[in-house]
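Coordinate-derived values only; no laboratory data. Just so we're clear, the structure is a prediction, and the values are computed from it rather than from any experiment. Every residue, glycine among them, receives a Cβ derived from its backbone with ideal geometry; neighbour counts consider all protein chains shown.
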């Protein structure tokens, strides 16, 4: 059965499209359907941020086909797992949760406890695109292990 996963950040131009692109590449053998979204509407329809695309491309990840969209309450029905990049994203996601929805929501770094972060820092502000990709790769590997039944996530 296909696992439907949505990655969510603030603007959907750095962290969540990177997570979608990296995870798609690393989990190519898994039966997953992926998407990404932002909690804001600032960049709807735009491609990922150029410096993020450049850093991702240097590691072999192509984000160029992705376009930003805004997270909405219907995503709880469309996805099995919704992954936010930080606590603020989770709060905004949970604020839209429909009554009775049991869709799992987690912070991406829950899947990389060894990284020592409780969130994925936003490179739009930090300018550290490689750090973001490092964390996204670690969390992607952890999520793959969890989906494969090899480990349990350390949900916060």
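Structure summary
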item	result
Net length gained if the chain between residue 114 and residue 4 were fully extended (0.36 nm per residue, minus Cα distance)	37.1 nm
Neighbour-count order for 107, 136, fewest beta carbons within 10 angstrom listed first	107, 136
Sorted peptide list for 73-82, 108-117, criterion being average Cβ within 10 angstrom, highest first	108-117, 73-82
Taking the stretch 3-147 and dividing mean pair separation by its residue count, relative contact order in percent (alpha carbons under 8 Å, at least six apart)	27
Spatial separation of Cα centroids for the stretch 3-50 and the stretch 61-89, in angstrom	6
Two-site FRET efficiency, residue 25 against residue 78, from Cβ-Cβ distance with R₀ of 25 Å, rounded to 0.05	0.65
Per-pair calculated FRET efficiency, R0 = 35 Å: residue 101 and residue 50 via Cβ, rounded to 0.05	0.45
Estimated D of the chain in µm² per second, where Rh is the Kirkwood radius over Cα pairs and Stokes-Einstein applies at 20 °C, 1.002 mPa s	141
